[in-house]
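J.: Let me begin by handing over the structure; questions about it come next.
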Amino acid sequence: MTRNDLHAQDTNSLLAATFDGLTEGLAIYDADERLVLCNQDFRRQLDPIADLLMPGTSWRVILQACIDHDLAIDLDDTDDDLRAKCDALRKVTERRMSLREMNGRYFALSYNPMENGGFFITRADVTERIEAENRLKEREALLTTVFETNPTPVVMARLGDS
């Protein structure tokens, strides 16, 4: 093995360790829409189809498996819908979206094209943030209802506000 081979091997090991250390899922696809690599968090998030997450697997096969396992409720289970959504994504320069899976988990997704014709996708589990936001909205709505329906004038203050 040459010095360059060892350097390339070290670089690949370093990149693999870095990708696996990310707190969000990451999958990289080539220009032919074939999976090049994905990190451990991406596999964990898509555990029901983890056996498909092998280099060379088509992005569309993975998306169809997500539909079949209720991991993507924004897509219909038809070839035409899947093809149209994939084609639309491939035409944008960058796309960010939120996704709610049938299991109730929420994910922030990003689709990011690369100069070589490939793309990478990130998935971050944002369930706790979304649920906290929803609880806050519910509390605000309850408080608003109490104040608006109360016939007696009410003043509310915090001790820290004097």
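The values are calculated or read from the model by the stated rules, or taken from the named source; none is laboratory data. Treat the numbers as computed from the prediction; the structure is a model and nothing was measured. Note that each Cβ is placed from the backbone with ideal geometry, even for glycine, and that neighbours are counted across all protein chains shown. Calculation scope for accessible area: heavy atoms of the full protein, side chains included, ligands and nucleic acids excluded. Shrake-Rupley method; radii C 1.70, N 1.55, O 1.52, S 1.80 Å.
J.: Among the residues of the stretch 115-137, count how many are at pLDDT 85 or above and hydroxyl-bearing (Ser, Thr, Tyr).
T.: Number of matching residues: 1.
J.: If you take the residues of the stretch 103-131 that are farther than 17 Å from CYS38 by Cβ and among the acidic types (Asp, Glu), which of them is farthest from the chain's Cα centre (by Cα)?
T.: Among residues in the stretch 103-131 that are farther than 17 Å from CYS38 by Cβ and among the acidic types (Asp, Glu), the one farthest from the chain's Cα centre (by Cα) is GLU115.
J.: So if I check each of GLN64, GLN45, which one is at pLDDT 75 or above and closer than 16 Å to LEU109 by Cα?
T.: After ruling out the rest, the residue left standing is GLN45.
J.: Between a residue in the stretch 132-156 that is free of Cβ contacts under 8 Å to residues at least 40 places away in the same chain and any residue that is assigned to a helix (DSSP H, G or I) and surrounded by fewer than 10 Cβ atoms within 10 Å (Cβ to Cβ), which pairs come within a Cβ distance under 8 Å, given they are 6 or more apart or on different chains?
T.: Every condition considered, no pair remains.
J.: What about GLU140, is it farther than 22 Å from ASN39 by Cβ, at pLDDT 85 or above and surrounded by 11 or more Cβ atoms within 10 Å (Cβ to Cβ)?
T.: Working: farther than 22 Å from ASN39 by Cβ: yes; at pLDDT 85 or above: yes; surrounded by 11 or more Cβ atoms within 10 Å (Cβ to Cβ): no.
In short, no.
J.: Answer yes or no as to whether ARG100 is basic (Lys, Arg) and modelled with pLDDT of 85 or more. Walk me through it before giving the result.
T.: Details: basic (Lys, Arg): yes; modelled with pLDDT of 85 or more: no.
So ARG100 does not fit the description; no.
J.: Please determine, by comparing only the residues of the stretch 37-75 that are open to solvent by less than 70 Å² (accessible area, probe 1.4 Å), outside any helix (DSSP H, G or I) and of a type in the set (A, V, I, L, M), which one is nearest to ASP20 (Cα to Cα).
T.: LEU37
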